[in-house]
Amino acid sequence: AQSVTQLGSHVSVSEGALVLLRCNYSSSVPPYLFWYVQYPNQGLQLLLKYTTGATLVKGINGFEAEFKKSETSFHLTKPSAHMSDAAEYFCAVSVWGGTYKYIFGTGTRLKVLA
Amino acid sequence: DSGVTQTPKHLITATGQRVTLRCSPRSGDLSVYWYQQSLDQGLQFLIQYYNGEERAKGNILERFSAQQFPDLHSELNLSSLELGDSALYFCASSPAWGNNSPLHFGNGTRLTVT
């Protein structure tokens, strides 16, 4: 069965430091992978997606993620954290099973310290 | 703005009651997904509709039902409400169900059952 694991439900970084949010997936077929961000009292907003092709994917707000098939990972990074990056981040996988099923991780809440 | 509209934003009701949540998808999107987000369960997939037809079911209780109308808006009906049904309910839409497009989320309806 397909699944998504996000390591660390809470991550704190200092402003200007590297952001690394981890995501591992389990899928028997090639997955499509997504990162979403959720700000307080808002819905989820797409940050970036991997479907096929280049394994390093760039998204909005300076975020990027790299698809590593051998490690079944899709970690999200940003070189320098900004206070406005404080939010909850969700990794998701989409796989075909009669219809495309979108499976979300449990989320990582990012705190940015001044 | 994702283009997905959910109403109402907040709903407070008593146990045993019935409520209806409404979702208008992005213009041109034929597929609608419903998710429940709670602190202890994370983001749980409930049900998906495509062009008026049910396509996939997730962890949706028998007390819950949904439908998608000819104008593509969707309604999620929750009945015999229990305290544990208190959660954020999100609607998301995508252009189709077979092309792996990212989901676009509304801002959610916060349901409080007292």
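Computed values, structure above
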{"read-out": "Share of alpha-carbon pairs per 5 Å distance bin for chain A, given as whole %", "value": "2, 13, 24, 25, 19, 10, 5, 2, 0, 0"}
{"read-out": "For the pair A and B, total buried accessible area rounded to nearest 100 Å², probe 1.4 Å", "value": "1600"}
{"read-out": "Kirkwood Rh, Cα atoms: Rg over Rh of the protein assembly as shown", "value": "0.97"}
{"read-out": "Model label zone, B:PHE69; criterion: amide N under 18 Å from point 7 Å along Cα-to-beta-carbon; scope segment B:1-42", "value": "B:4-9, B:19-34"}
{"read-out": "Positive-pole candidate from A:PRO30, A:LEU46, B:TYR89, dipole of the protein assembly as shown, charges at beta carbon", "value": "A:PRO30"}
{"read-out": "Net length gained if the chain between A:LYS111 and A:GLN42 were fully extended (0.36 nm per residue, minus Cα distance)", "value": "23.1 nm"}
{"read-out": "Relative compactness, chain B, computed as alpha-carbon Rg over 2.2 N^0.38 Å", "value": "0.99"}
{"read-out": "Options B:GLN36, A:VAL11, B:PHE69, ranked by Cα towards positive dipole end of the protein assembly as shown, top entry (Cβ charges)", "value": "A:VAL11"}
{"read-out": "Selection of GluC sites (Glu not before Pro), segment A:12-114, meeting DSSP coil and at most 11 other Cβ within 10 Å", "value": "A:GLU71"}
{"read-out": "Segment B:11-114 - charge dipole about Cα centre, Lys and Arg +1 at Cβ, Asp and Glu -1, debye rounded to 20", "value": "120"}
{"read-out": "Candidates per trypsin sites (Lys or Arg not before Pro) in segment B:1-84, loop by DSSP, up to 11 other Cβ within 10 Å", "value": "B:LYS9, B:ARG18"}
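The values are calculated or read from the model by the stated rules, or taken from the named source; none is laboratory data. It should be emphasised that the depicted structure is a prediction, and the values quoted were computed from it without experimental measurement. Backbone-built Cβ (ideal geometry, glycine too); neighbour counts: all protein chains shown. Heavy atoms of the whole protein, side chains included, go into the accessibility calculation; ligands, DNA and RNA do not. Shrake-Rupley method; radii C 1.70, N 1.55, O 1.52, S 1.80 Å.
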